[in-house]
There are 2 protein chains.
Amino acid sequence: MKEKVTNVTIKMLANQLGLSISTVSKAISDSHEISAATKQRVNDLVEKLNYKPNPYASSLRTRNSKTIGVVLPEVADSFFAQAINGIESVAEEKGYHVLIYLSHESFEREEQIIKDFESGRVDGVLISVAKETEQHKHIDTLLEKKIPLVFFDRVIDEVATTKIITDDYEAAYTATEHLIKQGYKQVLFLSFSQTLSISCKRLEGYKKSLYDNTIKFSSGNVLRFSNDAKKDYSNLLRKLTSLKKGIGVLASVEKLALPLYQACEELQLRIPQDVGLISFSNLDSAAFLHPPLTTITQPAFEMGKAAAAFLVKALERKNFELADEEIVIPSVMIVRKSTL
Amino acid sequence: MKEKVTNVTIKMLANQLGLSISTVSKAISDSHEISAATKQRVNDLVEKLNYKPNPYASSLRTRNSKTIGVVLPEVADSFFAQAINGIESVAEEKGYHVLIYLSHESFEREEQIIKDFESGRVDGVLISVAKETEQHKHIDTLLEKKIPLVFFDRVIDEVATTKIITDDYEAAYTATEHLIKQGYKQVLFLSFSQTLSISCKRLEGYKKSLYDNTIKFSSGNVLRFSNDAKKDYSNLLRKLTSLKKGIGVLASVEKLALPLYQACEELQLRIPQDVGLISFSNLDSAAFLHPPLTTITQPAFEMGKAAAAFLVKALERKNFELADEEIVIPSVMIVRKSTL
DNA sequence: TTTATTTACGAAACCGGTTTCGTACAGGAC
DNA sequence: GTCCTGTACGAAACCGGTTTCGTAAATAAA
């Protein structure tokens, strides 16, 4: 590590201008206390010397950092990639910096990240919780410190703050309904988690649709995915072979769709004739899969954007606190050939 | 914005323990000057009061922030998503924080981001430059301030620092070679940029392969993509209709592959019979496209990881400076049905 | 002309850590 | 007993901004 070049400080500006430090500081922040002429002189020198205020000195004094922390389970998923874009779009516009952390679906890791935030490193937090997360003490503690936090997509219902979600229940209902209408009498539900709010709601929507179609729910039709991709895959193979053809499958998250394509290929099952597939997915390539995948596409960009917008509003508006509310941005179903 | 809860400070610890601030500070950093007994008392209280040192105070004094800035052109591309994972893996291990910025392929935006870094906000920088970037004064200025920077994938050759790249020339050569071997006598090159180093190298590899196969290069076979997706697409349609069947296409970046699938569908051209396609791509779904896409897959995770590892080494090792060298991590070609 | 304001600026405290330097005291060497 | 050394700690400077408060001079009000 080389020693840094010493940056130009506000003190140097003051000395060169024959002004006090406080005057320079106020001039830079365009305070009404300072005359136009002085402001001009200061800004000229700022320009000339390429002065960049030390953000850490400023953050220390003002107790805010213009930085938001974003906690994601992972970033491979195209949902989160798009969400980052949405977040960045408002951060950029509002002059915020974005710190990114990945929990890798681990509660422990998520907890560490959130605990670090208690230090005041970030002004506010956006989070989509880890698959493993089943409690929320870490988040409560953060909120007690008055650090605003908004959830997006993977929320914790019990925490009283703003949550940006999509219509998981309705989307899953619609998806299941679609499969049934297409003639798949038996519908498998590929479950990502048994505890995550989104998973539960999607499962409920699925169940309700079965009920409305007088199909009795069987827990045997819910296939749970763990973190062990290999084991999951062999479970999937076993399940598929045990069933007769003509079943529908609802993949509750994007990452479960491709394994199904693979399994069908391996078992020589035809999509959509033998297996109908619909998946929650934001894959751009969905339309070009073999066959094209029917998807429930979430408004990922908009969700990220909305989450960031709420957070920034909470940070900047004195009389605005994050209400305990759900903002629902609906998903859309795009029917393609994987479901007839 | 609500006023923050006042955090526990090192001063409070000192008062409660009847010690001086400096003693507490040293105890926390496990200084040899402090007795084991005192350290114990201090750490007990730290634990009890849940003391979190203010990172900004620390950064101000020590002049480093344990933060690295990552500048990406975009994050929709799965290459960059995977690269982020690689970067995060070393950041997490080494205790660094990751600030993410998107240039959206704009030079101006990239310049602003880099200029902000002159403030000392980050200890070091990882960057994959924007498509528009054709000069490097902004980066030179940063390097003059002794802020280490390493490029990955989209590098600027003229800047004397470490660059993590893949074997663009060879990969494009191999890809073209493959198309020709498969019987495609005419090969289109879908170009993403005329200035980006990776694009130039890939084009060179393509040309060399043509040359080695005694096919004369025609600039008419290089199709340039702008930022105007619609116009690009209609250009692509026009080009494809103007050619006879049996042409090979090398898409030099991932985002150019799907439009080709779409165009072929629209023009009722069959892949691979009428059009053979190979693309630089890190899409997980490549194997399940219709037909499965032959790809040049870049080691995105490893590249991000290597870039971060070099940067951290430069930050932590006193006698290590980032050499002006290229670290090449080879890509692999995965042959699938889109090229026979 | 006197008093009240306003304008424009400076001194100094402050944010919360880190680091330098000084020192009291204990123990060992001579 | 004197000198030296090492141990364990504290006072204070420092990082580079922001903010409060005070004040001299200029202007307005009475």
Of all chain A residues, the one whose C-beta is nearest the axis that brings A onto B, in angstrom: A:HIS290, 2
Hull-based mean projected area of the protein assembly as shown, where the convex hull spans the alpha carbons, in square nanometres: 34.1 nm²
Sparse-neighbour loop sites [GluC sites (Glu not before Pro); the range B:59-167; at most 13 other C-beta within 10 Å; DSSP]: B:GLU134, B:GLU158
Cubic angstrom per residue, convex hull over Cα atoms of the range A:168-297: 96 Å³
Distances in nm from A:GLU134 to the matching label points in the other copies, shortest first (labels 7 Å along Cα to Cβ): 5.9
GNM top mover of B:ASP167, B:ASP212, B:ASP274 - chain B, alpha-carbon springs below 10 Å: B:ASP212
Other copies of A:VAL328: label-to-label distances in nm, shortest first, labels 7 Å along the beta-carbon direction: 5.6
GNM flexibility winner over chain A from A:LEU19, A:LEU250, A:LEU102 (Cα, springs under 10 Å): A:LEU19
Averaged over A:59-66, number of beta-carbon atoms from partner chains that fall within 10 Å: 4
Two-site FRET efficiency, B:THR6 against A:ARG270, from Cβ-Cβ distance with R₀ of 41 Å, rounded to 0.05: 0.05
Listed residues B:ALA57, B:ALA314, B:ALA27, most fluctuating in chain B (Gaussian network, C-alpha, under 10 Å): B:ALA27
Surface share of carbon and sulfur [accessible, 1.4 angstrom probe, percent] for the protein assembly as shown: 51 percent
Largest to smallest principal axis extent of the C-alpha atoms in chain A, angstrom: 87, 37, 36
Shielding of A:287-293 by partner chains, average beta-carbon count, 10 Å: 6
Label distances, nm, B:ASN50 versus same residue in remaining copies, Cβ-directed 7 Å point: 4.4
Length released on extending from B:THR195 to B:THR141, taking residue separation times 0.36 nm less the Cα-Cα span: 17.3 nm
Cα centroid of the range B:94-111 to Cα centroid of the range A:285-340, whole Å: 24 Å
Computed [θ] at 222 nm, deg cm²/dmol, chain B (DSSP H ≥ 4; -39,500 (n - 2.57); rounded to nearest 500): -13500 deg cm²/dmol
Karplus 3J(HN,Hα) series, Hz, for the range B:179-188 with 6.51 cos²θ - 1.76 cosθ + 1.60 (x for Gly, Pro): 4, 5, 4, 6, x, 7, 7, 10, 10, 8
In Hz, Karplus ³J(HN,Hα) per residue of the range A:128-135 (6.51, -1.76, 1.60; θ = phi - 60°; x = Gly, Pro): 10, 6, 6, 4, 6, 5, 10, 10
Exercise: per-residue mean of other protein chain Cβ atoms within 10 Å, A:294-302: 0
Nonlocal amide H pairs with A:VAL125, under 5 Å, H built at 1.01 Å: A:GLY69, A:LEU149, A:VAL150
Rough spin-label spacing in nm, given labels placed 7 Å along Cα→Cβ, for B:ARG63 and A:THR38: 3.0 nm
Buried area at the A-B interface (accessible, heavy atoms, 1.4 Å probe, summed, Å²): 6100 Å²
Loop trypsin sites (Lys or Arg not before Pro), the range B:254-340, which have at most 15 other Cβ atoms in a 10 Å radius of their Cβ (DSSP): B:ARG270, B:ARG317, B:LYS318
Euclidean distance of C-alpha centroids, the range A:24-68 and the range A:134-179, integer Å: 39 Å
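The values are calculated or read from the model by the stated rules, or taken from the named source; none is laboratory data. Model, not experiment: these values are computed from the prediction. Because the Cβ atoms are built from the backbone with ideal geometry, glycine has one as well, and the counts that use them run over all protein chains shown. Ligands, DNA and RNA are excluded from the accessible area calculation, which covers all protein heavy atoms including side chains. Shrake-Rupley method; radii C 1.70, N 1.55, O 1.52, S 1.80 Å.
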